[in-house]
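The values are calculated or read from the model by the stated rules, or taken from the named source; none is laboratory data. Bear in mind that the values here come from a model prediction, so they are computed numbers and not experimental data. For neighbour counting, all protein chains shown are included, and Cβ atoms are generated from backbone atoms with ideal geometry for every residue, glycine included.
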Amino acid sequence: MLNQTISASRFVLRHCIASIASIMAAVLFSIVAYVVLLVIAAVADSDPGGPLAWPFLMAVAFATSASYTVLLLFPSAVIAEQASHLEGKGRHLAEIPIAALALLLLTYGECLAIRRLPLYSQTADLHWADTPIVVFLGLLIPLGLYWWVMKFVQLGTAIPAALLRRRH
């Protein structure tokens, strides 16, 4: 019972922290991009945009990154963890191509589902689904961040988990 509790807790903790890192990285990237564009607007003596531009950008960055993290990155990482049955150090490295393949399949599936929506043809904001390979390639960096953060958390929780198991 204790082993199952520790295992489940470690699973939730590593995916939760990796999800937060994935979402916050996109938001931080958006902040940096906004500051750069603001500096460019000041140097070029052009209009920096309205007062709602920055909050709107942050909301879009948060919603977009939370969506792709929950719908694509998390399932890809879980599929890779479950599919790699190798023991030892090679198991973790085997997860990387499996996660990428899972992300590719999930991305194509999501793009196909979006293209089948009744409002798809009238909604220009959904036409990113026409290029699933571009979406997949764009998500490889967030997947890498998600995976590495997850593995560092897993490594950081391995020692306390082993000590708890020995104690009981």
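Here are the numbers:
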item: Any hit, segment 13-25, residues being farther than 20 Å from Val78 by Cα and modelled with pLDDT of 90 or more; result: yes
item: Options Leu106, Leu73; residue that is surrounded by 18 or more Cβ atoms within 10 Å (Cβ to Cβ), touching a residue at least 60 places away in the same chain (Cβ under 8 Å) and over 23 Å from Asn3 (Cα atoms); result: Leu73
item: Where Ala66 falls short, out of the listed (1) modelled with pLDDT under 95; (2) within 20 Å of Phe136 (Cβ to Cβ); result: (1)
item: Residue in segment 77-93 that is in a helix (DSSP H, G or I), of a type in the set (Lys, Arg) and modelled with pLDDT under 95 present; result: yes
item: Unique match (being closer than 24 Å to Val153 by Cβ, surrounded by fewer than 17 Cβ atoms within 10 Å (Cβ to Cβ) and within 22 Å of the chain's Cα centre (by Cα)) among Ala8, Ala18, Ala100, Ala33; result: Ala8
item: Residue selected from segment 39-70 under the condition surrounded by 15 or more Cβ atoms within 10 Å (Cβ to Cβ) and among the aromatic types (Phe, Trp, Tyr), by the criterion nearest to Leu28 (Cα to Cα); result: Phe62
